[in-house]
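Read the structure below first, then the notes.
Just so it is clear, none of the values below were taken in a lab; they were calculated from the coordinates. On a predicted model such as this, the values are computed, not experimentally measured, just so you know. Neighbour counts run over all protein chains shown; Cβ positions are idealised from the backbone, glycine included.
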Amino acid sequence: MSTTRPYRSVLYIPGSKERALEKAQSLATDAIIFDLEDAVAPDEKTAARALLVETLAQADYGNRARIVRVNGLDTEWGADDIAAFVGARIDALLIPKVSTPEDLDAVAEMIPDTPLWAMMETALGMLNATAIAAHPRLAGMVMGTNDLAKELNSRFRPDRLPMQSGLGLCLLAAKAHDLVIIDGVYNAFKDEDGLRAECEQGRDMGFDGKTLIHPAQLEIANTAFAPSEAEITLAQRQIDAFNAAKAEGQGVAVVDGKIVENLHIVTAEATLAKAKAIAAMA
């Protein structure tokens with residue numbers, strides 16, 4: 001990624017809940033999605049928009065990334081939502097149900113200077129992931145696994161087998177275009193073992209972090225998506241061994257009986273950079 005900002009934990013906060021907006025200023029989350037879409041009832045959407053605009057202008061969320069999920073342009077609130085955040089102090093505008101690059105074009109014209117993120121939650125969006133990821137204004141993708149499951153009529157499985165095609169397509173597209181990509185939510189927020197397993201699966205697949213629906217999920221996600229002490233130590237050992245090998249005119253090194261070459265050093269340096277960025281969040 002072009003940025004080392006961590007996105008281990010990305011917490012949804014309803015834009016209509018003043019107390020939640022206040023509490024989020026002190027939570028250990030790397031990023032916040034201020035939600036005006038699914039988390040806000042239709043009769044509260046206009047008031048929520050006004051509250052969120054005022055809150056973001058005044059509140060201090062520190063170095064947490066600030067992302068606003070607006071309603072779609074196919075709703076009566078979408079255009080006003082987008083207009084309300086032109087020039088606002090936010091890091092990205094998250095567009096729901098992006099199925100084609102054209103879904104981003106209209107938004108890009110309305111808010112010219114704000115990075116766009118795409119909710120990837122439709123079957124058509126999965127099939128068009130490569131074209132969506134190539135959009136010049138897109139900076140990130142968020143998996144909307146609940147809506148995708150609804151479209152697929154798939155059942156929940158701990159291994160997420162029904163999701164694998166969609167998750168994989170979006171991951172490939174995001175990595176090909178150097179985008180942030182965040183895994184979907186885990187609905188059973190009291191099931192710590194299930195959340196941990198799904199975080200570890202997403203991490204191992206290549207996701208940058210996980211969207212969360214409750215503050216109780218933060219610690220598990222932050223731990224899962226951070227380099228462990230063992231990984232940090234190994235990364236430094238690999239770099240040191242490779243540099244020593246280069247000094248002796250060799251192109252590869254050996255660490256713990258395994259070959260270390262330049263591609264491993266790129267990964268090792270990224271691990272150390274991520275650990276440093278996480279430490280800076282504290």
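Relative intensity of segment 40-111 on a log10 scale, I(q)/I(0) at q = 0.22 Å⁻¹, equals -1.03, per a Debye sum over C-alpha point scatterers of equal strength in the absence of solvent.
Counting only residues 5 or more places away or on other chains, whose amide H sits under 5 Å from the amide H of V255 once H atoms are built in the peptide plane? HN-HN under 5 Å from V255: V260. Working from the Cα coordinates of the chain, the gyration tensor eigenvalues give, after taking √(5λ), semi-axes of 34, 20, 19 Å in decreasing order.
Stick to the Cα atoms of segment 166-282, pair each with every other, and give me the Kirkwood hydrodynamic radius in Å at one decimal. Over segment 166-282, the inverse of the mean reciprocal pair distance is 16.0 Å.
Of all DSSP bridge pairs formed entirely within the chain, close to 10 percent run antiparallel.
Just rank D60, D147, D30, D183, fewest to most, by other beta-carbon atoms within 10 angstrom.
On the way: D60 7, D147 19, D30 25, D183 29.
Starting with the residue having the fewest Cβ neighbours, the order is D60, D147, D30, D183.
Seen against the Cα atoms of the chain and their longest principal axis, helix 192-205 is set at about 70 degrees. Quick one: Debye curve from the C-alpha atoms of segment 88-236, no solvent, what's log10 I(q)/I(0) at q = 0.10 Å⁻¹? These q points yield log10 I(q)/I(0) values of -0.36.
Once R0 is set to 25 Å, what does the formula 1/(1 + (r/R0)^6) return for the Cβ-Cβ distance between T100 and E76, expressed as a FRET efficiency to the nearest 0.05? Intermediate values should be presented prior to the final figure.
Values: r = 22 Å, r/R0 = 0.87.
Approximately 0.70, to the nearest 0.05.
Here's how it looks for G209: its modeled amide H is under 5 Å from those of D183, which are all 5 or more places away or on a different chain.
You can think of it this way: the chain between K246 and R157 has 27.3 nm of extra reach, that is 0.36 nm per residue less the Cα-Cα gap. The C-alpha atoms of the chain define a longest principal axis, and helix 262-281 lies at about 50 degrees to it. Comparing Cα centroids, segment 50-78 and segment 220-261 end up 41 angstrom apart. Site pair Q236 and V86 shows an inter-label distance of 5.1 nm when each label is modelled 7 Å from Cα along Cα→Cβ.
Going through segment 166-263, which chymotrypsin sites (Phe, Trp or Tyr not before Pro) have at most 16 other Cβ atoms within 10 Å and a DSSP loop state?
Numbers: sites: Y186, F189, F207, F225, F242; in loops: Y186, F189, F207, F225.
Listed in order of number, the matching sites are F189.
Listed from fewest to most Cβ neighbours within 10 Å, the set I239, I220 follows the order I239, I220.
Straight Cα distances below 30 angstrom link K17 to the lysines K45, K97, K150, K190, K210, with same-chain residues fewer than 8 positions distant left out.
Here the average projected area of the convex hull drawn through the C-alpha atoms of segment 229-281 stands at 3.6 nm².
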